[in-house]
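**Q** Next up is a structure, given as structure tokens.
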Amino acid sequence: MKRLNFPLSVILLVVPCAVLAAFTHYPAVKSLINSFWSMGTRRRPSQFIGLENYQTLLADGTLHQIIWNSTLYAIVTIPAAIALSIGMALLVNAKLPGTALMRLSFFLPTMMPMIAVANIWLFFYAPGIGLISQIFVLFGLQPINFLGSASTSLWSMMAVAVWKEAGLFMIFYLAALQAVPPNLKEAARIEGAGPIRIFFDIVLPLLKPTTVFVAVNALINSFRLIDHVIVMTKGGPNNSSALLLYYIFEVTFGYRDSAYGSTLTVFMVLLLGLMALIQFKILDRKTHYQ
Amino acid sequence: MKYTKTILASAATLFLTPGLALSAELEFFFPVGVNAPAVETIQELTDAWAANNPQHNVKAVYAGNYVETTTKALTAANAGKPPHVAVLLAIDIFTLVDEDVVIPITDVANTAEDQAWLDGFMPGFMRDATLDGEIYGVPFQRSTPVLYYNKDAFREAGLDPDTPPATWDEMIEMGKKLTKKDANGNVTQWGTRIPTLGLGGAWLYGGLVISNGGQLSADNGIDVAIDTPEALGALEFLQKLSAEGVMAPGGISWGDTPKAFVEGNAASIWTSTGNLAFVNDNAEFDWGVGFLPGGKGPGAPVGGGNFYIFKGTSPEEQAAALDFIKFMTAPENAAKWSIATGYVAPRADTWETPVMQEYAARLPQALVARDQIEFANREFATYQRGRVTQFLVEALEAAVGGEADAATALAEAQKSADRVLKAYK
Amino acid sequence: MKGVNRILLVALAPTLAVAWGVPFIYSVWTAIHPEKYSARFTWNAPITFANFLEAWQAAPFALYFVNTVILTLLILVANLILCTLVAYAFVRYRFQASGLLFALIMIQLLITPDILIVENFNTLAKLGLTDTIIGITLPYLTSAFGIFLLRQTFKTVPISLDEAAQVEGASTWRVLWDVYVPLAKPTYLAYALVSISFHWNNFLWPLIVTNSPETRPVTVGLSIFATVESGVEWALVNAATLMTTAPLVVAFLIFQRQFVTNFMRAGIK
């Protein structure tokens, strides 16, 4: 390795990293600074208010509900998407008739923008007139007001997210499955292991690195992706389907309160940092173990 | 490229303005997606004004929906390049004044003739154009919700198809006759459908309160009256509609409502006059329009957008902007706009034009909206509108969804709103 | 026993495939029938493509597509260049605090620009770049993910190759261009696929930044078209939805296999 001289470092590092920092590190720090100021309009300029925004944050009942929503959303959608995608990958990998169709059907939602997916599901869910309602009525069931009821709206959002994401994860698992050495399975079979034993004892451990990768991705997406909330429920009814980033978006651009928006951003960055730390610890332990 | 042009344009204005004191290059922000049918008409009118005033020029900027247009106008104003004139939500008057970006219309419209022109607007549309005694907005694309009802369904239920319900009691009474169930007990046709979710729900709820003798927010944008008996009565009426089986239980979305009507899923709906065209195109049955049934009498909210003139532009430009607004609201032009879009023309003289009379004869439903304005009042609006309205929305959604009782939900909203608005008192 | 399982699987697979496809099939149904059939299912409903035509004419989708292509390509090109430079520096050069710098860069994997919308919008407003395509791309020009992938790949380049090139008198840039870049081709391809699909489908940030048709990407254009404020026709919305989605779906169906193999080769397992 050579020593990096200054002119070269400007081109190789300083310029690219400055662009990155300007829209990642700078806004994170700026959020922290702005969180100590009040919301400002031209008639009532922003003032330094110390920790008042954080007091508001602690007492904000809407935020508490949203933290619960976001947590539930993550702990349901991530395992559900992973389990479904493993199942899909196994099915597609089983070389059954109709595999091409299956692959297409699973993969299609992944390639669509979330906004398009949300449009489709909006009509799909429409109470009384949408397709699901019609199917329910056909079987003599009471139609469900999926998006209009606080008890079902978040779950309806989760279904949309899982539908969209599982296909992508399937692709990764499919790749991993195809890399499982066939002789390993063969050996197990000769020793008398059934297909279920083979899956849990041999295949699943080999899928672990994929699962880590997929889980991290799914976690980031569960925070990042709120397009369907904007289109389908706007967080309602009564905040039952609002997620953290949606709330930041609403507070900043709907309520025009970028000071509190910054405060919420700081909270979210800390939360993500904490999760990164936990993840790092887990991964670290894993490597020691191996 | 675009940026360079703007710089050149502003440089040119800077140097040339003293020489051509009466010419202005107006930028006009208009809230509509491009290529919507409305754009054609607005462009036509804009071009006509420019042709009449060769010393001026005007560039219409189609900036998407209301929220986007307001954001764009505020961002531009904060960057020192405000539009000269824009059509923005009437209820955003508080935000625009708080951000100090608009001027009172009377700053430029200050002659007796101007005053007479301003007096020509329907009073029902002027209340929310005024703040602290100053007129900031000129009504342009205004709307109001009405009752749409399925005349065939009325006939089938043995009701008079020309007498829609006028009171809340009649709504329930007729609604029961209009509600149909299948063999499994599932409702196939609801008696009525009033959207209760989101901002649309809050708008209609405001109408219920007005008809019950109340008013959710005061003209000053600071005082709210959410936990009043009138407001409570209105919310309990919404709950009663579901309890009596006349309306679907739980939250009802705004967006699906016209579709539910044309699909026969609801025998009557409450929605904006903006949906007249959709219903007219898609309903396969005989339908009519009526006043919103009221609690103590007729009552409705108004909605839609007003013209605003922005600060930070030259007096010549502001004078030109006023002339532009006068042109757009002149009887023939306002008639053209109203017919093309379904918005309620806000001046009596517009309704007297021959084209408008011919239109009203062809689509008498449009007249209902005009006549209802007499009983209409302003929509819920305050300073920090986005945040405060959300309190109202949450109260409605919680009460309609059965998570909170009406009185508690409204008291909670009142408390939250007061807390935020305290700073403005 | 095994036979029974197999039969069950054979029956289960198509059922699952169809069930998974129902929302999409419903969308297709709605898009290719007149509006009045969008919630009514009769087998002999007339099929029409008028909805696609009407939707195409009702909003400037062609312009939206052009904007999306420009923004996606701008980001891709910038990413490929900038990430290559950074990764090259980390693999080939020694400098102070390189570990710390790398950790700082990797923060972007988790704290993505997508969640820093508040201050990033303020920055754009200060720069006067709101409502520009450049403004949409700025936060994404350098990607930590790209740097990470390329660094992993460059590390596998045998140092002997590098040294041999130097002995022959090749400059820093020649070594990068002739030795490292060719060996990282699968990584570039895999990264390109991910980047394109991400930015083609991105919605929230462009929604915040843009407010005129000259800058709006397809996703934002679609959301504005589908805003259900005044009686939107389901048939039109679905036609527009499918229309705007089609190019990427078709492209990825074609490249599906490359997508998988490149990911494998790039070492994302």
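**Q** Do the alpha carbons of any pairs in B:Lys259/B:Lys336; A:Lys2/C:Lys126; A:Lys95/C:Lys185; B:Lys151/C:Lys36; A:Lys234/B:Lys259; B:Lys181/B:Lys240 sit beyond 29 Å of each other, and which pairs?
**A** Pairs exceeding the cut-off: A:Lys2/C:Lys126; A:Lys95/C:Lys185.
**Q** Further question on the same structure: Calculated from DSSP H runs of 4 or more alone, at -39500 (n - 2.57) each and per residue, what is the 222 nm mean residue ellipticity of chain B, nearest 500?
**A** So the calculated ellipticity at 222 nm is -14000 deg cm²/dmol.
**Q** Counting helices only, and only those DSSP H runs with n ≥ 4, report the 222 nm mean residue ellipticity of chain C as the sum of -39,500 (n - 2.57) divided by its residues, in deg cm²/dmol to the nearest 500.
**A** Mean residue ellipticity at 222 nm (helix-derived): -22500 deg cm²/dmol.
**Q** Also, I was wondering about something else. May I ask you to derive the FRET efficiency for C:Ile134 and B:Glu316 from their Cβ-Cβ distance with R0 = 45 Å, giving the value to the nearest 0.05?
**A** Computed FRET efficiency for C:Ile134 and B:Glu316: 0.85.
**Q** Restricting things to Cα coordinates, could you compute the convex hull volume per residue of chain C in Å³?
**A** Roughly 204 Å³ of hull volume per residue.
**Q** Run the numbers on segment A:90-208 and let me know its relative contact order in percent, using alpha-carbon pairs under 8 Å that are six or more apart.
**A** Once normalised by length, the contact order is 25 percent.
**Q** Using +1 at the C-beta of Lys and Arg and -1 at the C-beta of Asp and Glu, which of A:Ala276, A:Tyr247, A:Gly236 has the Cα lying farthest in the positive direction of the dipole of segment A:207-285?
**A** Positive-most Cα among the choices belongs to A:Ala276.
**Q** Just need the relative contact order of segment C:53-265 here, percent rounded to a whole number, with Cα pairs under 8 Å and 6+ apart.
**A** With pairs under 8 Å counted, the relative contact order is 35 percent.
**Q** Shifting gears a bit: Apply the Karplus curve 6.51 cos²θ - 1.76 cosθ + 1.60, θ = phi - 60°, to the phi angles in segment C:170-187 and return the couplings in whole Hz, x for Gly and Pro.
**A** 6, 6, 3, 6, 4, 4, 4, 6, 8, 9, 6, 4, x, 6, 9, 3, x, 5
**Q** Something else about it: Roughly how big is segment C:101-168's charge dipole about its Cα centre, with Cβ charges of +1 (Lys, Arg) and -1 (Asp, Glu), in debye to the nearest 20?
**A** My answer is approximately 160 debye.
**Q** Determine the shape class of segment B:310-425: with a ≥ b ≥ c the square roots of the Cα gyration tensor eigenvalues, call it rounded for a/c under 1.5, and otherwise prolate if a/b is greater than b/c, oblate otherwise.
**A** Oblate.
**Q** Angle between the Cα long axis of helix B:315-329 and the longest principal axis of chain B, 0 to 90 degrees, nearest 10?
**A** Value to nearest ten degrees: 40.
**Q** Would you work out if the protein assembly as shown is rounded, prolate or oblate? Take a ≥ b ≥ c from the square roots of the eigenvalues of the alpha-carbon gyration tensor; rounded if a/c is under 1.5, else prolate when a/b is larger than b/c, oblate otherwise.
**A** oblate
**Q** Shifting gears a bit: Distance in nm between label sites at C:Thr42 and C:Val22, each 7 Å beyond Cα in the beta-carbon direction?
**A** Calculated label separation equals 2.4 nm.
**Q** Could you pull out every residue, at least 5 positions away or on a different chain, whose amide H is within less than 5 Å of the one on A:Ile49? Hs are placed 1.01 Å off N in the peptide plane, and Pro or chain starts have none.
**A** Answer set, sorted by chain and number: A:Trp37, A:Ser38.
**Q** Toward the positive end of the charge dipole of chain C, about the Cα centre and with charges on Cβ (Lys, Arg +1; Asp, Glu -1), which of C:Tyr64, C:Phe252, C:Trp205 goes farthest?
**A** Result: C:Phe252.
**Q** With r as the distance between the Cβ atoms of C:Asp178 and B:Val39 and R0 = 35 Å, compute the FRET efficiency 1/(1 + (r/R0)^6) and round to 0.05.
**A** According to the calculation, E is roughly 0.05.
**Q** Can you pull the one-decimal nm distance between simple spin-label points at C:Gln258 and B:Arg127, each 7 Å off the Cα toward Cβ?
**A** It is 6.4 nm.
**Q** Roughly how many nanometres apart are two label points built 7 Å out from the Cα toward the Cβ at B:Gln357 and A:Val14?
**A** Roughly 7.8 nm, to one decimal.
**Q** From the residues C:Leu236, C:Ala165, C:Leu189, which one has its Cα farthest along the dipole of chain C in the positive direction, the dipole being from +1 and -1 charges on Cβ of Lys/Arg and Asp/Glu about the Cα centre?
**A** Of C:Leu236, C:Ala165, C:Leu189, it is C:Ala165.
**Q** Another question, then. Let's see if you can work this out: charge +1 on each Lys and Arg Cβ, -1 on each Asp and Glu Cβ, no other charges. What is the dipole magnitude of the protein assembly as shown about its Cα centre, in debye to the nearest 20?
**A** Dipole of the protein assembly as shown, to the nearest 20 debye: 4860 debye.
**Q** Once you charge only the Cβ atoms, +1 for Lys and Arg and -1 for Asp and Glu, what is the size of the charge dipole of chain C about its Cα centre, to the nearest 20 debye?
**A** That gives chain C a dipole magnitude of about 960 debye.
**Q** Further, regarding this structure: For B:Ile105, what charge total do you get from the other residues with a beta carbon under 13 Å from its beta carbon, if Lys and Arg give +1 and Asp and Glu give -1?
**A** So the surrounding residues net to -3.
**Q** Also, I was wondering about something else. With the cut-off at 1.5 for a/c, could you classify segment C:1-103 from its C-alpha gyration tensor as rounded, prolate or oblate?
**A** In terms of gyration-tensor shape, oblate.
**Q** With r as the distance between the Cβ atoms of B:Lys180 and B:Arg155 and R0 = 22 Å, compute the FRET efficiency 1/(1 + (r/R0)^6) and round to 0.05.
**A** Result of the calculation: an efficiency of 0.95.
**Q** List B:Ser416, A:Ser38 from most exposed to least, where exposure is judged by having the fewest other Cβ atoms within 10 Å.
**A** In order of increasing Cβ crowding within 10 Å: A:Ser38, B:Ser416.
**Q** Could I ask something else about it? Residue by residue through segment A:103-120, what is 3J(HN,Hα) from phi via Karplus (6.51 cos²θ - 1.76 cosθ + 1.60, θ = phi - 60°)? Round to whole Hz and write x for glycine and proline.
**A** The phi angles translate into 4, 4, 4, 6, 7, 3, x, 5, 7, 8, x, 4, 5, 6, 4, 5, 4, 4 Hz.
**Q** Short version: ³J(HN,Hα) in whole Hz for each residue of segment B:69-84, in order, from phi by Karplus 6.51 cos²θ - 1.76 cosθ + 1.60 (θ = phi - 60°), x for Gly and Pro, what are they?
**A** 5, 4, 4, 4, 5, 5, 4, 5, 5, 5, 8, x, 10, x, x, 7
**Q** Counting only C-alpha contacts under 8 Å and six or more residues apart, can you give the relative contact order of segment A:15-149 as a whole percent?
**A** In percent, rounded to a whole number, it is 9.
Coordinate-derived values only; no laboratory data. Quantities reported herein were computed from a predicted structural model and do not represent experimental measurements. Backbone-built Cβ (ideal geometry, glycine too); neighbour counts: all protein chains shown.
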